[in-house]
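Since the structure comes first, as structure tokens, the remarks are kept for the end.
The values are calculated or read from the model by the stated rules, or taken from the named source; none is laboratory data. For clarity, every value in this text was computed on a predicted model and none was experimentally measured. Cβ placement follows ideal geometry from the backbone for every residue including glycine, while neighbour counts extend to all protein chains displayed.
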Amino acid sequence: MTAPLVALSNISRSFGDVRACDGISLSLEPGEIHALLGENGAGKSTLVRIIYGLLEPDAGTMEWNGEPVRIRTPAAARALGIGMVFQHFTLFESMTVLENIALALDRRVDRSELRARIGAVIATYGMALEADRHVHSLSAGERQRVEVVRCLLQDPRLLILDEPTSVLTPQEAEQLFATLRQLRDEGRSILYISHRLEEVRALCERATILRGGRRVAQCDPRTETAASLAERMIGRLPPAPVRAAGGRGPERIRINGLSLAARHRFGVALDDISLAVRGGEILGIAGIAGNGQGELLAALSGEISTPTGMIAFDGEPVGRLGPAGRRERGAAAVPEQRLGHAAVPAMTLADNLFLTAPRRQDLARGGMLRPDAIAGAAERVIDSFDVRTTGAGAVASSLSGGNLQKFIVGREVDREPEILVIAQPTWGVDAGAAVTIRAALRRRASAGAAVLVISQDLDEIFEICDRIAVIAAGRLSDARETSSFSVEEVGLLMGHAAGGPGRAGD
Amino acid sequence: MLAIEPRRQPSRAWSLLSPAIAIALTLCVGALLFGLAGRDPGHALYVLFIQPLTSTYGLTELLVKATPLILIATGLAIGFRANVWNIGAEGQYTVGALAGGGLALAFHDSTSPLLLPAVLLAGCAGGMAWGAIPALLRTRFNVNEILSSLMLTYVAILLLSWLVHGPWRDPDGYNFPESRLLSDAATLPILVDDTRLHAGLLFALLAVAGAWVLMGRSVVGFQLRVSGQSRIAAHYAGYSTTGLVWFALLLSGGLAGLAGISEVSGTINQLLPTISPGYGFTAIIVAFLGRLHPLGIIPAGLLIALSYIGGELAQIEVGVPAAVTGIFQGVLLFFLLGCDLLTGYRIRLAPVRGT
Amino acid sequence: MDPASMVLTIVAAATPLLLAATGELVTEKSGVLNLGVEGMMLVGAVTAFAAAVSSGSPVAGFAAGAGAGAAMAAIFAALTLGLQANQVATGLALTIFGVSLSAMFGAPFVGQALSPIPRLEVPVLGEVPLVGPVLFGHDAMVYLSLLILAGVALFLYRTRAGLVIQAVGEAPDAAHALGYRVLRIRTCACLFGGAMAGLAGSYLCLAYTPMWAENMTAGRGWIALALVVFATWRPGRLLLGAYLFGAVTILQLYAQGRGVEVASQFMSMLPYLATILVLVLISRDRTRMLLNAPRSIGTAFLPPR
């Protein structure tokens, strides 16, 4: 038997007192697509960053083609034949595709030669890409192609992809899979990180499952079910909320022909969006990130003001009201970005609770804060949403993503808003927290509130929403009952943006 | 190998300890420099930092010098917490001095008890007006307030120079560029007889107390802190960033203006081409040394004031140039900024990895 | 003053601004905002003056000035890049420190005169009326400043290393993930900025007004910072801005000399007011600022280890 391409044994790495990787072993054969499965925080990203030379392990060894190696820099990894496509793209927006690719090469390559080599890769793998476009004008799918082409130019033996499909439509993902299979057939190995179980089952021959920094299982995903994989990945799950068949109340959110110019060159314009959400229902807006979701949320939260008449809450025009004014009327909005938007990283949970407190919560009197009342309210949210933290005095940035999101959603839900708009409610959140958050949204709807969920996670949309609309390139499709939609149809609607101009910055 | 890693929670202990370490390190560097310059380090440091404290005169002078520093730094610290970088306090101080001083000169013959309050208010208003310009430029035209407030400082000093050389020059002053002395009705009362300690000190203490309540307890203070940490979060919360920028610049400008008129009305008693040894800039150091916290600014202001007086003494007794004071202040700020690392980060010995 | 010598003095007044702003441009392109230009210029100036006086060689003076500026920038880099200190505060500290340090070491030199560095004597060409002196009558540093600016422009837009600096300034995380040493690159950019500020200071006290005086930069470091904004981080516009400011400075001096009926103080305000004015004109276009400013400017970067 020949030596595996890569063999990791007993890799450990800690950050402070957190053990991100704890004695992980893993080996990859040539010509294999190997899945690395696990929840957020399971240690997947740390492990691949070690392989790519971005982090050094505290302990453990690595072999490449049977030879022991220590990879200290990404350049060394690339020299061995390791390429990596990052989850958060490592692209420079103000530069062209060509410049971005040049920056990732370890030696200077003449422009015309580089152009020719890019052309060759594009032709071989059938990926459309224009070398002179600026990256900020590319769609998410195109950006990913830049990253992939960038790796392929170095003729890698091992290609690592970190959550590559989280920004793709189902159709774009299929195209990517075709490319990956072609690469495998050429004898290259692929380490594929994901938490999407269905695609792992369709694509990968072997899977290593991580939980809490340890390897908990290795299996052939083709012989497993999604449920059995999920159980190994997560352990036991609390039951998912049941969609109540309660009646729908009066119309609470109404958007009428909302059009907004892009806020800046990297922004997306909203184009004639109309929408109505009734009390008692959850309406989901599906779409790939950067198709106007941020702008739509800002228009609804009041961070962008809109001409009178385009947005009404409970029949009353609110387009000119700022975020505070809308909160006073019983509306709440949770943006996608937690640290630095929904919460101030260096401030305590108590402070962050007060951040969005409406007057009726009575946490300030005569212009003065009431610290005890604020801390009490924060403790209540911490308790009822099972936020794992040292208390109301902990700073927001010290919490894990899932716990902070529970606190933020809890803070808003605790005020019993009649109108709740929330973006990516469970993005990057562990499964347990996701269940808690979705249940809270469901409860709010059952209590008669209108809930608008903007999400790129189709599973989530289909799980909790009563009706679904799709946003693409700043335009919104008609909303339809969830039961009358298929995932493929939603995917097709999402794809209307693919290749189109415009994508949000950050 | 040493490794730096962020703390999950900023350390309170280190936030208080790091100024102490910075002061100690600064003294070490000072001793070293004096030693290299062939002077007895012990004696030099004694003259700089201890001797002023051994006489009533020294002690009251300390308070006199600390007064403008504390007033200005209190305002600046509030702005810095809100990410409003007003570094033109020297200009606001100057315009405050000439607005109040101008009023006092205009009503030179008045004996009304209302003159002094009017003069002080005019000083405040002058500082506010000068602070309003960068506020307007930033909120309306997106102009960086660091550069605009600094440029306005040069303009203010030139304006003062023109006034004392021209229209406001004392007709009986043998052509010196000086105004007339202010009348008694426009002079701040002295707190301790036979010293220069004037009532401006009370304003400084009031300002500190007010700032403490504002930043620690009030909703406006909370909003300022949020907008300093994250403008996006402040916008999401619905705070008016424009309003907060105006607030911070008017407040810090007003306090700097009050410092200016207090100095003129309380200490100098007339307008001169130079009415400040750089209080407006030094107050930036005071603000940082005081951890941008009102209560921290009092000891910080006293320490820096001490370095001014000690510097004057050292000039006479040890024969070092007056600029030594500024060097001490600069080095202290360097060490302080460096030591701040310990508040937000942990330094640990990293194991040799990967064997 | 005849037109030719007017041009010469304008260029001379603009040269320190151009030198300092060119350095700061590179620093800022890498994502670092060093507000200590004024302090670095002053320390550069006093060191240059001391070196030139003691060695008798202006070249040694310029070299020492550049070295001193870089040493000041090294303090800044150690604090902000090594110890993650706030860049704005550290820059201010650097200026406060530099003002005092230069005043202390400059005290013995106050009042000493130095002969200015010579203008280039280009035979024949330099004697063509008007055009001759305007094109060929400057001192060597003027040409050097233009050469450096052209070099920086070529470096930034035509070389791989220049591309890397801009990448680091735009997205340090992405650059780190590709394996670039963000802190090392930023440190180099800082040191270059410091050396250029040192050269700018040296030019002031060796060529422009060949003497040392306390605080002789009179805010030029700050104006250079404003020029970088005015130029929207593009070398070509930097040239335009610097010469424009040179013109404002000289014209007000000229007007003062001609006894214009305005107090000299008001004329002296002009460069500062002009700075504010150009900042207004440029900054009001938020989109353009957003588009051109290095995206990560002023923010600390700590590589995850």
task: Give the range C:175-188 a look and list any residue that's crowded, with 23+ Cβ neighbours inside 10 Å and free of Cβ contacts under 8 Å to residues at least 60 places away in the same chain, or say none.
output: C:A175, C:L178
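Rundown of residues vs (1) in contact with a helix residue (DSSP H, G or I) (Cβ under 7 Å, 6 or more places away or on another chain); (2) modelled with pLDDT of 95 or more, yes/no style:
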residue: B:A22; (1), (2): yes, no
residue: B:L25; (1), (2): yes, no
residue: B:L33; (1), (2): no, no
residue: B:Y57; (1), (2): no, no
residue: B:G96; (1), (2): yes, yes
task: Inspect the range C:21-29 for any residue being among the hydroxyl-bearing types (S, T, Y) and within 19 Å of C:A218 (Cβ to Cβ) and give the result as yes or no.
output: no
message: Yes or no: the range A:40-56 includes at least one residue that is charged (D, E, K, R), more than 21 Å from C:L178 (Cβ to Cβ) and in contact (Cβ under 8 Å) with a residue 40 or more places away in the chain.
response: no
- line: Being within 11 Å of chain B (Cβ to nearest Cβ) and either closer than 30 Å to B:E5 by Cα or not in a helix (DSSP H, G or I) (or both) narrows C:P303, C:P294 down to just C:P303
task: Of the numbered conditions (1) within 13 Å of chain A (Cβ to nearest Cβ); (2) more than 21 Å from the chain's Cα centre (by Cα), B:L191 fails exactly one; give the number of that condition.
output: (1)
- prompt: Looking at (1) touching a Gly at 6+ places or on another chain (Cβ under 6 Å); (2) modelled with pLDDT of 95 or more, which is the one condition that is false for C:A150?
  reply: (1)
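Tell me, which helices (runs of 4 or more DSSP H) lie completely within the range A:316-405 with 2 or more residues that are within 19 Å of A:A433 (Cβ to Cβ) and not small (G, A, S)?
A:349-355, A:371-384
Show me the strands (runs of 3 or more DSSP E) found entirely inside the range A:1-101 where at least 3 residues are of a type outside the set (S, T, N, Q) and over 25 Å from A:R181 (Cβ atoms).
A:6-15, A:18-28, A:59-64, A:67-69
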message: With in contact with a Phe, Trp or Tyr (Cβ under 7 Å, 6 or more places away or on another chain), farther than 19 Å from B:L33 by Cα, more than 9 Å from chain C (Cβ to nearest Cβ) and in a helix (DSSP H, G or I) as the only criterion, which of B:A305, B:A300, B:A287 stands out?
response: B:A287
- request: Assess whether B:T242 counts as being assigned to a helix (DSSP H, G or I) and over 17 Å from the mean Cα position of the chain (by Cα).
  value: yes
- request: Report yes if C:T9 is in a helix (DSSP H, G or I) and either crowded, with 24+ Cβ neighbours inside 10 Å or modelled with pLDDT of 95 or more (or both), otherwise no.
  value: no
query: Identify, please: which residue in the range B:23-38 is surrounded by fewer than 17 Cβ atoms within 10 Å (Cβ to Cβ) and of a type outside the set (A, V, I, L, M) and is, among those, nearest to B:I316 (Cα to Cα)?
result: B:G38
- prompt: Filtering the range A:35-76 down to residues that are surrounded by fewer than 18 Cβ atoms within 10 Å (Cβ to Cβ) and of a type in the set (V, I, T), which residue is modelled with the lowest pLDDT?
  reply: A:T73
Residue, modelled with the lowest pLDDT, within the range C:265-284, restricted to residues that are more than 7 Å from chain B (Cβ to nearest Cβ) and surrounded by fewer than 16 Cβ atoms within 10 Å (Cβ to Cβ): C:L281
task: State whether one or more residues within the range A:186-205 are within 28 Å of A:A75 (Cα to Cα), out of contact with any helix residue (DSSP H, G or I) (no Cβ under 7 Å at 6 or more places or on another chain) and in a helix (DSSP H, G or I).
output: no
task: Count, please, the residues in the range A:276-289 that happen to be buried (at least 22 other Cβ atoms within 10 Å of the Cβ) and under 23 Å from A:P307 (Cα atoms).
output: 2
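Taking the condition in a helix (DSSP H, G or I) and out of contact with any Asp or Glu (no Cβ under 9 Å at 6 or more places or on another chain), does A:L452 pass?
When the stated conditions are applied, A:L452 does not pass them.
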- request: Could you tell me which numbered condition A:L103 fails, if it satisfies all but one of (1) within 30 Å of A:V268 (Cβ to Cβ); (2) in contact (Cβ under 8 Å) with a residue 40 or more places away in the chain; (3) within 14 Å of another protein chain (Cβ to nearest Cβ)?
  value: (2)
- line: C:V262 meets each of (1) of a type in the set (V, I, T); (2) within 26 Å of C:S5 (Cβ to Cβ); (3) within 11 Å of chain B (Cβ to nearest Cβ); (4) in contact with a Leu (Cβ under 7 Å, 6 or more places away or on another chain) with one exception, condition (4)
- request: Kindly indicate whether any position in the range C:252-259 is assigned to a loop (DSSP other than H, G, I, E, B) and more than 11 Å from chain B (Cβ to nearest Cβ).
  value: yes
- prompt: Can we say A:G505 is surrounded by 14 or more Cβ atoms within 10 Å (Cβ to Cβ), farther than 22 Å from A:G279 by Cβ, modelled with pLDDT under 90 and not assigned by TED's automatic domain parsing to the domain that holds A:L441?
  reply: yes
- prompt: If the Cβ limit is 7 Å and pairs must be 6+ apart or interchain, which residue in the range B:146-166 that is more than 7 Å from every other protein chain (Cβ to nearest Cβ) pairs with which residue that is part of a helix (DSSP H, G or I) and among the β-branched types (V, I, T)?
  reply: B:L152/B:I133; B:A156/B:T94; B:A156/B:V95; B:I157/B:T94; B:L160/B:T94
